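Visitor: Take a look at the following structure, please.
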Amino acid sequence: MMQPFHPPQRTLMGPGPSDVNPRILQAMSRPTIGHLDPSFIQLMDEIKSLLQFAFKTANALTLPVSAPGSAGMEAVFVNLLEPGDKAIVCQNGVFGSRMKENVERCGATAVVVQDQWGEPVDPAKVEKVLAEHPDARLLAFVHAETSTGVRSDAQTLAALAARQGVLSVVDAVTSLVGIAVETDLWGIDAVYSGSQKCLSCAPGLSPVSFSPRAVERIRSRRTKVQSWFLDMNLIMDYWGSGARRSYHHTAPVNALYGLHEALCILAEEGLDAAWQRHRLHHEALVCGLEAMGLALHVAPDCRLPQLNAVIIPEGVEDAGVRASLLRDHGLEIGAGLGVLAGKIWRIGLMGHACNTRNVLFCLAALEDALARTGASILRGQALAAAHGRYARA
Ligand SMILES: *Cc1c(COP(=O)(O)O)cnc(C)c1O
């Protein structure tokens, strides 16, 4: 006989999923109701307005796609692009490459603006490419590159697109809640996120938002959206307002209880307070890492507080250290991806996991794991350095 599955106790400080707030898990265990039940419709309306709050937008078309962040990405591209269109895609890590892949699978052409992994998207290059391709339908970029720990200047990039009359598409999967995402103020036309990063929810939902300009584009398509499931024209009939609501697919009812709770928790804290909390714990973590003799991969002015890329010291075996963190401390941190595999660790400080206890715990565990591999690090300094930052808070 198979036994029920009981997951081991972990602290999730990688690139996501991040630790889920117990309040959210509790919410998800409440009884399932019908997805067209009047109470559920009310819950959907509340989720929409809470998502508008989180994205800082008045966009009517703001809802959670019933699938993880990758589906939010795909939803944006399949709805906004038609075969033969041209799209400018910025690539400075793993997720920019996935955007390019999505563009091409829509039958559109991708014009790529390339930057180094570990560097932000260069607005000067984007400006030049926009001028060379005035016929481009959209400009797409990743706000918070989870593969490298880099923040790009979303405000400047969205403004460049708007000036050319090109739609801006922003991947905010890791940025939302961790750093400022100002959808309306920055003039973003389509933005998507994920439930399991700084929202600290279980994985499996992707909040998206489309500006009126983007909705106009979707409504005036010549061809059908290639994906039935992700076609916003159809989803609007289910998530739209009023009595018109009709069955499209069965909403993940309990997952949406969880998202609602996550957004309530966010509203209680406030967005500004959440951004400040991420910054504070990031700074304390960096103080501790540097006191140990470790260095970060990303320049200070474009570091993500919620995703810290740490350079693996010369001669230290990447997988061995991560295995020891997991085995001895129950701590999960992320490995490097692509060209950064074996070169960096990715320490997440996302949402509920972004707190003093986790910062101190991670520093102590990392010091222990490194010392046991014989790495030449400075011992006994990291916690004091982190406390020093907290004392100045
Ligand atoms: C995690 C992530 C995604 C993909 O989200 P999934 O929920 O894993 O599908 C997309 N973009 C970025 C920047 C991410 O960090």
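Visitor: Can you find a residue that is in a loop (DSSP other than H, G, I, E, B) and not assigned by TED's automatic domain parsing to the domain that holds Ser376 anywhere in segment 259-269? Lay out the reasoning, then the answer.
Guide: Just the residues of segment 259-269 that are in a loop (DSSP other than H, G, I, E, B), to begin with: none.
No, segment 259-269 contains no residue that is in a loop (DSSP other than H, G, I, E, B) and not assigned by TED's automatic domain parsing to the domain that holds Ser376.
Visitor: Which of the residues spanning segment 225-244 are in contact with a helix residue (DSSP H, G or I) (Cβ under 7 Å, 6 or more places away or on another chain), loosely packed, with under 15 Cβ neighbours inside 10 Å and either under 16 Å from Ile41 (Cα atoms) or charged (D, E, K, R) (or both)?
Guide: Listed by number, the list holds a single entry, Arg244.
Visitor: Among residues belonging to segment 170-198 that are more than 21 Å from Phe77 (Cα to Cα) and away from the ligand (no atom under 11 Å from the Cβ), point out the one that is most open to solvent (accessible area, probe 1.4 Å).
Guide: Filtering segment 170-198 down to residues more than 21 Å from Phe77 (Cα to Cα) leaves 177-180, 185, 196-198.
Right, trim to away from the ligand (no atom under 11 Å from the Cβ) and you get 177, 179-180, 185.
On the way: Val177: 6, Ile179: 19, Ala180: 33, Leu185: 128 Å².
The extreme case among them is Leu185.
Visitor: Which helices (runs of 4 or more DSSP H) does segment 34-128 wholly contain that include 2 or more residues that are open to solvent by 70 Å² or more (accessible area, probe 1.4 Å)? Before the answer, list the steps.
Guide: Values: elements: 38-55, 69-80, 94-105.
Qualifying helices (runs of 4 or more DSSP H): 38-55, 94-105.
To keep it simple, each residue is scored yes or no on (1) out of contact with any Pro (no Cβ under 9 Å at 6 or more places or on another chain); (2) at pLDDT 95 or above.
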site	(1), (2)
Asp231	yes, yes
Tyr238	yes, no
Arg244	yes, no
His248	yes, no
His260	yes, yes
Glu269	yes, yes
Ala273	yes, yes
His278	no, yes
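Visitor: Inside segment 33-61, can you point out the residues that are aromatic (Phe, Trp, Tyr) and either over 22 Å from the mean Cα position of the chain (by Cα) or within 16 Å of the ligand (Cβ to nearest atom) (or both)? Please lay out each step first, then the result.
Guide: Step one: of segment 33-61, the residues aromatic (Phe, Trp, Tyr) are 40, 53, 55.
Passing the criteria: Phe40, Phe55.
Visitor: Would you check if Ala159 is within 22 Å of Met13 (Cα to Cα), open to solvent by 10 Å² or more (accessible area, probe 1.4 Å), touching a Phe, Trp or Tyr at 6+ places or on another chain (Cβ under 8 Å) and not assigned by TED's automatic domain parsing to the domain that holds Gly334?
Guide: Working: within 22 Å of Met13 (Cα to Cα): no; open to solvent by 10 Å² or more (accessible area, probe 1.4 Å): yes; touching a Phe, Trp or Tyr at 6+ places or on another chain (Cβ under 8 Å): yes; not assigned by TED's automatic domain parsing to the domain that holds Gly334: yes.
No: the conditions fail for Ala159.
Quick grid of which residues meet (1) within 15 Å of the ligand (Cβ to nearest atom); (2) closer than 20 Å to Trp228 by Cα; (3) more than 22 Å from the chain's Cα centre (by Cα):
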position	(1), (2), (3)
Leu63	no, yes, no
Phe95	yes, no, no
Ala136	no, no, yes
Ala140	yes, no, no
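The values are calculated or read from the model by the stated rules, or taken from the named source; none is laboratory data. What you are looking at is a predicted structure, and each value in this text was computed from that prediction instead of being measured. Note that we place each Cβ from the backbone using ideal geometry, even for glycine, and neighbour counts take in every protein chain shown. All accessible areas refer to the heavy atoms of the entire protein, side chains included, with ligands and DNA or RNA removed. Shrake-Rupley method; radii C 1.70, N 1.55, O 1.52, S 1.80 Å.
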